[in-house]
1. Restricting to the range 64-106, name every residue that is polar (S, T, N, Q) and within 15 Å of the chain's Cα centre (by Cα).
2. If you go through the range 33-48 one residue at a time, how many are polar (S, T, N, Q), free of Cβ contacts under 8 Å to residues at least 24 places away in the same chain and touching a helix residue (DSSP H, G or I) at 6+ places or on another chain (Cβ under 9 Å)?
3. Given (1) loosely packed, with under 15 Cβ neighbours inside 10 Å; (2) more than 15 Å from the chain's Cα centre (by Cα); (3) among the β-branched types (Val, Ile, Thr), where does VAL35 come up short, assuming only one miss?
4. State which residue pairs qualify: first residue part of a helix (DSSP H, G or I) and inside the range 18-32, second residue among the aliphatic types (A, V, I, L, M) in any location, beta carbons under 6 Å apart, and separation of 6 or more residues or different chains.
5. Is it the case that some residue within the range 49-65 is surrounded by fewer than 16 Cβ atoms within 10 Å (Cβ to Cβ), out of contact with any strand residue (DSSP E or B) (no Cβ under 6 Å at 6 or more places or on another chain) and without any contact (Cβ under 8 Å) to a residue 12 or more places away in the chain?
6. Does TRP30 satisfy the condition of being open to solvent by 30 Å² or more (accessible area, probe 1.4 Å), aromatic (Phe, Trp, Tyr) and either modelled with pLDDT under 95 or within 17 Å of ALA106 (Cα to Cα) (or both)?
7. Would a scan of the range 87-100 turn up a residue that is out of contact with any Leu (no Cβ under 9 Å at 6 or more places or on another chain) and under 24 Å from ILE26 (Cα atoms)?
8. Provide a single number: the residues in the range 90-115 that are farther than 22 Å from SER46 by Cβ, open to solvent by 100 Å² or more (accessible area, probe 1.4 Å) and assigned to a helix (DSSP H, G or I).
Amino acid sequence: MTTSNTKNRLSGRAITGICLTACGIITIVWGGTVVPVSMFSGDFMSFAAGGLVLIALGAYLVTALPPALRIAAVWLAALGLISYLFVIGMETIVALIGCVPVLGFAAWLSTRLWR
């Protein structure tokens, strides 16, 4: 096989990423059909946060995407998780403590993607 043929084929990693992204979108849509869509509802935000994490993981695995798009997906998932922490009614200090690892993980993934 020539290298031009192998470059155009999807890898297992890319297929897994596409499948995870599709599952994330389906999770968010399903959540919107099960409970009323509201950014201030813990029920909907559990679906939204989980779906955003799946989308970010999927985008991370698809290396054909531009790094800026992959980083945007990671930070969108981080924002969704942080908002979920505050929506579910945790004490503020506990939610802030929960934000630290989320932000750290998003920053770490971002630095890995810029390489």
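The values are calculated or read from the model by the stated rules, or taken from the named source; none is laboratory data. Small disclaimer: the values here were computed from a predicted structure and weren't measured. Heads up, the Cβs are rebuilt from the backbone with ideal geometry, glycines too, and the neighbour counts pull from every protein chain shown. Heads up: the accessible areas ignore ligands, DNA and RNA and are worked out on the full protein's heavy atoms, side chains in. Shrake-Rupley method; radii C 1.70, N 1.55, O 1.52, S 1.80 Å.
1. The answer is SER83, and nothing else.
2. Adding up the residues that qualify gives 1.
3. Here VAL35 meets the rest and fails (1).
4. Correct list of pairs: LEU20/LEU54; LEU20/LEU57; THR21/ILE55; CYS23/LEU54; GLY24/LEU54; GLY24/ILE55; ILE28/ALA48.
5. The first filter runs over the range 49-65 and keeps only residues surrounded by fewer than 16 Cβ atoms within 10 Å (Cβ to Cβ), leaving 63-64.
Right, trim to out of contact with any strand residue (DSSP E or B) (no Cβ under 6 Å at 6 or more places or on another chain) and you get 63-64.
Going one step further and asking which of them are without any contact (Cβ under 8 Å) to a residue 12 or more places away in the chain, we end up with none.
No, the range 49-65 contains no residue that is surrounded by fewer than 16 Cβ atoms within 10 Å (Cβ to Cβ), out of contact with any strand residue (DSSP E or B) (no Cβ under 6 Å at 6 or more places or on another chain) and without any contact (Cβ under 8 Å) to a residue 12 or more places away in the chain.
6. So TRP30 fails the test.
7. So far as the range 87-100 goes, yes, one or more of its residues are out of contact with any Leu (no Cβ under 9 Å at 6 or more places or on another chain) and under 24 Å from ILE26 (Cα atoms).
8. Residues meeting the conditions: 3.
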